[in-house]
Amino acid sequence: QEQLVESGGGLVQAGGSLRLSCTAPQNIFSKSTMGWYRQAPGRQRESVAVISMVGLTVYQDSVHGRFTVSRDNAQNTVVLQMNNLKPEDTAVYFCYARSAQWELFGRGTQVTVTS
């Protein structure tokens, strides 16, 4: 059974915005660092953003200042707000939950940015 459920994504023109959401079961979310990876065709998976249980964030350099990751502990949801999107942001985006006991991934959601 799928534990991380992603929503959002889609097709947008360069300069536009998209919002990705990922919901996890409470027993997973409350004990996990949450984050987002992305993988573009022919490229290795890369970390985009991560947020700790206490809200500390780390971003990949290429998205710093454009993307914002946040978590709603009441809704067990992590959100990736993506602004000023660029064609090079095109990829499948995966949510993950990480702790000392597990590393779980969502199925991924496609983000396509046209020039």
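The values are calculated or read from the model by the stated rules, or taken from the named source; none is laboratory data. Because the structure is a prediction, the values reported are computed rather than measured. Positions of Cβ are backbone-derived with ideal geometry, glycine not excepted, and every protein chain shown enters the neighbour counts. Note: areas computed on protein heavy atoms with side chains; ligands, DNA, RNA excluded. Shrake-Rupley method; radii C 1.70, N 1.55, O 1.52, S 1.80 Å.
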Looking only at region 31-45, which residues are within 18 Å of Thr109 (Cβ to Cβ) and in contact with a strand residue (DSSP E or B) (Cβ under 6 Å, 6 or more places away or on another chain)?
-> Met34, Gly35, Trp36, Tyr37, Arg38, Gln39, Ala40, Arg45
Any residue in region 33-47 that is more than 14 Å from the chain's Cα centre (by Cα), free of Cβ contacts under 8 Å to residues at least 40 places away in the same chain and over 18 Å from Val113 (Cα atoms)?
-> yes
Matching residues in region 69-90 - criterion: being within 15 Å of Gly9 (Cα to Cα) and among the β-branched types (Val, Ile, Thr) | Val69, Val78, Val79, Thr90
How about region 106-115: which of its residues are in a strand (DSSP E or B), more than 17 Å from Glu46 (Cα to Cα) and open to solvent by 20 Å² or more (accessible area, probe 1.4 Å)?
-> Thr114
Gln3 fails exactly one of (1) open to solvent by 40 Å² or more (accessible area, probe 1.4 Å); (2) under 19 Å from Val113 (Cα atoms), namely (2)
So which of Asn27, Asn84, Asn76 is under 23 Å from Thr112 (Cα atoms) and either under 15 Å from the mean Cα position of the chain (by Cα) or open to solvent by 60 Å² or more (accessible area, probe 1.4 Å) (or both)?
-> Asn84
Checked pairs for region 70-98, first at pLDDT 95 or above, second part of a helix (DSSP H, G or I), C-beta under 6 Å and 6 or more apart or across chains, list as Asn76/Gln26; Asn76/Phe29; Ala97/Ile28
